[in-house]
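The values are calculated or read from the model by the stated rules, or taken from the named source; none is laboratory data. Remember, it's a predicted structure, so these values are computed and weren't measured experimentally. Cβ coordinates were reconstructed from backbone atoms using ideal geometry, including for glycine residues, and neighbour counts include every protein chain displayed. With ligands, DNA and RNA removed, areas are computed over all heavy atoms of the protein, side chains included. Shrake-Rupley method; radii C 1.70, N 1.55, O 1.52, S 1.80 Å.
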Amino acid sequence: MPAASSRASAHPAGALASPSPAVESTVTTDSRLAPGTPGYRRVSLALFAAGLATFALLYSTQALLPAISGEFAVTADDASWTVSAATGALALFVLPLSALSERFGRRTLMTVSLSVAVVVGLLVPFAPDLGSLVVLRAVQGAALAGLPASAMAYLAEEVRPKALVAAVGLFVAGNSIGGMSGRILSGWVAQAWGWRAALLAVGVMALVCGVAFRALLPKPRNFKAGSLNPRALYGTVRGHLANPLLVRLYAIGALFMTVFGAVYTVIGYRLVGEPFSLPQGVVGSVFLVYLVGTVSSATAGRLVERLGRRGALYLAVGTTASGLLLSLTDALAGILLGLVLITAGFFAGHAVASSSVSRTAATGRAQASALYQSAYYIGSSAGGTLGALAFHAGGWPATVVLGLIAVLGVVSVTLYGSHAARVQERMLVAAR
């Protein structure tokens, strides 16, 4: 076993993390949750509930943008700031809050973050003007920043490595269910009682999810508290940003989310306008296509097993691009099918990229996941704002062009990664 020996000698920390078979068996049995066990099911359900609440709150105004534009007499790109402010604040705060999770624990930070976000969510419906609404949404996004990276780090510490992709997929599936149910609920409530009542309904739903999350999530067994050392944090972040694979994964997450943010920020305006003129409740129901994302993210692990990580990413890219092109039709059925493909491709790609970050980072997993989440939500914020601007300037085709440019970026990054891997393999062969 020369290859294994050389890796161990070259990376002492890696050698310590790979004990003898007897020790490994004991550690795996005692400290990590396996699929099918009660603890694994509780973790899956708890983080599913957290993911549901996170996406429901984070994108609570997205399906309501036409109604918000109407009440405040603003354009689509102005109203889109109620989404972009939340995702942008999350992107800014996810890294510092992940550092707090290293000190105070993943479970504690996730609980506090979700609690604050729910409280703000119950205040958002009472915003007197667009400026106040945007500020409250920014505060809500900042609070939610404590959830995504901490959840990924919690799973990496508490779940067996072979089950990590599936566990992350379930968390992402909770995101998709939250995005879907929040938009559907808000759409129909808004049609009956207005957008303010719709936001209140989403806040109550998130409150129920938060209570379930806290009741179900087991206390961590493998967490080891660290210190709040800014210099150490800077060193960890610098190390992650010096890792080419991690940087590529961050870029992929941002680009995928640019597509998704642009499409779902603008789609409501397209469907309430001519020639469709759909009512608010029906527009909200369009988000049922998120169920496709639930399936594609939950099955991402099997895709990786069959196609490899790059193969799964190429499949996700092709599916997303096909959906964008199909959505150019003026037939409602074609638009809906296009949204199905975009959603399936996005959630599969996101699940593969985010789980790869957790597996790649040997240390500072919370910071590695936080950097991914930061890039991911920067993509969401940019996609929402740029998508609305493109729609305002050139209609739906301009938004599709923006999405295709981002998809081409994912292809370029993945191809570059494949090329870099081949070069590295040739260098290793030559060194032998």
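Just subtract the alpha-carbon distance of Q424 and R214 from 0.36 nm times their residue separation and send over the number in nm, one decimal.
Going from the current span to full extension adds 71.1 nm.
Working out 0.36 nm times the residue gap between R221 and R238, then minus their Cα-Cα distance, what length gain in nm do you get to one decimal?
Taking R221 through R238 to full extension adds about 3.3 nm, to one decimal.
What accessible area per residue, rounded to a whole number of Å², is obtained for the chain using a probe radius of 1.4 Å?
Ligands and nucleic acids excluded, the figure is 41 Å² per residue.
Return the FRET efficiency for the residue pair A192, L328: r is the Cβ-Cβ distance, R0 is 41 Å, and the value is rounded to the nearest 0.05.
Once the sixth-power term is evaluated, E becomes 0.80.
What's the FRET efficiency of A73 with V295 using the Cβ-Cβ distance as r and R₀ = 60 Å, to the nearest 0.05?
0.90
If I compute solvent accessible area with a 1.4 Å probe over the protein chains, what percent of it on the chain is carbon and sulfur?
Its accessible area is 68 percent carbon and sulfur atoms.
Can you tally the net charge around V410? Count Lys and Arg as +1, Asp and Glu as -1, for every other residue whose Cβ sits under 14 Å from the Cβ of V410.
Overall, the nearby charge balance is +3.
Under 5 Å between amide hydrogens, which residues at least 5 positions from L33 or on another chain qualify, with H placed 1.01 Å from N in the peptide plane?
Hits under the 5 Å cutoff: V159, R160.
For the pair R302/D129, report the inter-label distance in nm, with labels modelled 7 Å from Cα in the Cβ direction.
So the two model labels end up 5.4 nm from each other.
Subtract the Cα-Cα distance of V112 and R359 from 0.36 nm times their separation in residues, and report this length gain in nm to one decimal.
Answer, rounded to one decimal: 86.3 nm.
How charged is the neighbourhood of F72? Take every other residue with its Cβ under 10 Å from the Cβ of F72, and add Lys/Arg as +1 and Asp/Glu as -1.
Net charge in that neighbourhood comes out at -3.
From the list [x] 261; [y] 166; [z] 135, can you say which value of volume of the Cα convex hull per residue in Å³ was derived from the structure given?
[z]
Which ³J(HN,Hα) values in Hz, rounded to whole numbers, follow from the phi angles of the range 131-143 under the Karplus curve 6.51 cos²θ - 1.76 cosθ + 1.60, where θ = phi - 60° and Gly and Pro get x?
Values, residue by residue: x, 5, 4, 5, 5, 4, 5, 5, 4, 5, x, 4, 5 Hz.
Whole-Hz Karplus ³J(HN,Hα) for the range 50-60, in order, using 6.51 cos²θ - 1.76 cosθ + 1.60 and θ = phi - 60°, x for Gly and Pro?
My calculation for the range 50-60 gives 5, x, 4, 5, 4, 6, 4, 6, 4, 10, 4 Hz in order.
HN-Hα J couplings of the range 276-286 from phi, Karplus 6.51/-1.76/1.60, θ = phi - 60°, integer Hz, Gly and Pro as x?
Residue by residue, the range 276-286 yields 8, 6, 7, x, 4, x, 5, 4, x, 5, 4 Hz.
Modelled label-to-label distance, V401 and R231, 7 Å Cα→beta-carbon offset: nm?
Here the answer is 5.2 nm between the modelled labels.
With charges only on Cβ, +1 for K and R and -1 for D and E, what is the dipole size of the chain about its Cα centre, in debye, rounded to 20?
Dipole of the chain, to the nearest 20 debye: 1600 debye.
Counting pairs of alpha carbon atoms under 8 Å apart in space and at least six apart in sequence, what relative contact order in percent does the chain give?
24
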